[in-house]
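Notes for the one structure printed next.
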Amino acid sequence: MMSSTDAGVEPSPVQNISVAYTRMTRQYQQILDRWTPHIMYRWLGTAGLLSIFFLRIVLSQGWFIVCYAYAIYLLNLLLAFLQPKFDPSLQEDLLADEIEEGGTPMTSPLPSARDDEFRPFVRRLPEWQFWLSATRATVIATGCTLFEMFDVPVYWPILVVYFFVLFALTMRRQIQHMIKYKYIPFDIGRKARYGSR
């Protein structure tokens, strides 16, 4: 008896689409994997896409609501990039709740005066995900400027002022959080090399 694969039966259209989709996602992932170590070139490419988007907005004098939504999304990405994965304020709340309930206090994952062990800064949003999300958002926002339905008439100076006020308030709160819990989300200074003289 012959099986259906041996009989030369044509694959169904759904199987053809599934195979093509799998092949495309694999190729897409291979391209992303090749770009991973080239941080500066990735960000330069994203900056180029961003400048094309802003040129499109400025020259066409439209799609301000798309630009505003895009800027808010980038602000959210930036905040997630600057925040630690394990929020110290939440950890303090959990420690306080545990003590109030009469349980044994948990140890905090952050260094304290009692425990000065070095713990590296772990971001809530890694650089790779930040870049990938920002690049995808730039491509989508630029694509939205090709459709008239997204060109909602708004008074753009109000959106600009509102965005800068929102940015200033959000960054002030983030900087206060960084000062209060004594962390810096960037590698500043020279990196030490171990094992070399």
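Does Ile72 satisfy being touching a Cys at 6+ places or on another chain (Cβ under 7 Å) and not small (Gly, Ala, Ser)?
So Ile72 does not fit the description; no.
Condition check: among the small types (Gly, Ala, Ser), at pLDDT 90 or above and farther than 28 Å from Phe186 by Cα. Does Ser51 satisfy that?
Details: among the small types (Gly, Ala, Ser): yes; at pLDDT 90 or above: yes; farther than 28 Å from Phe186 by Cα: no.
Answer is no for this residue.
From (1) within 18 Å of Arg123 (Cβ to Cβ); (2) open to solvent by 90 Å² or more (accessible area, probe 1.4 Å); (3) of a type in the set (Val, Ile, Thr), pick out the condition that doesn't hold for Thr36.
(2)
Looking only at the range 28-56, count how many residues are in contact (Cβ under 8 Å) with a residue 60 or more places away in the chain and of a type in the set (Gly, Ala, Ser).
As a first pass, look at the range 28-56 and keep what is in contact (Cβ under 8 Å) with a residue 60 or more places away in the chain: 32, 36, 39, 42-43, 45-46, 49-50, 52-53, 56.
With the extra rule that they be of a type in the set (Gly, Ala, Ser), the set shrinks to 45.
Of the residues in the range 28-56, 1 are in contact (Cβ under 8 Å) with a residue 60 or more places away in the chain and of a type in the set (Gly, Ala, Ser).
Could you please find all residues in the range 116-168 being within 25 Å of Phe81 (Cα to Cα), among the charged types (D, E, K, R) and in a helix (DSSP H, G or I)?
Within the range 116-168, Glu127, Arg136 meet the criteria.
Could you list, in sequence order, all residues of the range 42-71 that are of a type in the set (D, E, K, R) and either outside any helix (DSSP H, G or I) or under 20 Å from the mean Cα position of the chain (by Cα) (or both)? Break it down stepwise before answering.
Initial filter on the range 42-71 (of a type in the set (D, E, K, R)): 42, 56.
Once the filter is applied, which keeps residues that are of a type in the set (D, E, K, R) and either outside any helix (DSSP H, G or I) or under 20 Å from the mean Cα position of the chain (by Cα) (or both), the range 42-71 yields only Arg42.
The values are calculated or read from the model by the stated rules, or taken from the named source; none is laboratory data. Keep in mind it's a predicted model, so treat the numbers as computed, not measured. Cβ atoms come from the backbone with ideal geometry, glycine included; neighbour counts cover every protein chain shown. When the accessible area is computed, the model is the full protein with side chains, heavy atoms only, and any ligands, DNA or RNA have been set aside. Shrake-Rupley method; radii C 1.70, N 1.55, O 1.52, S 1.80 Å.
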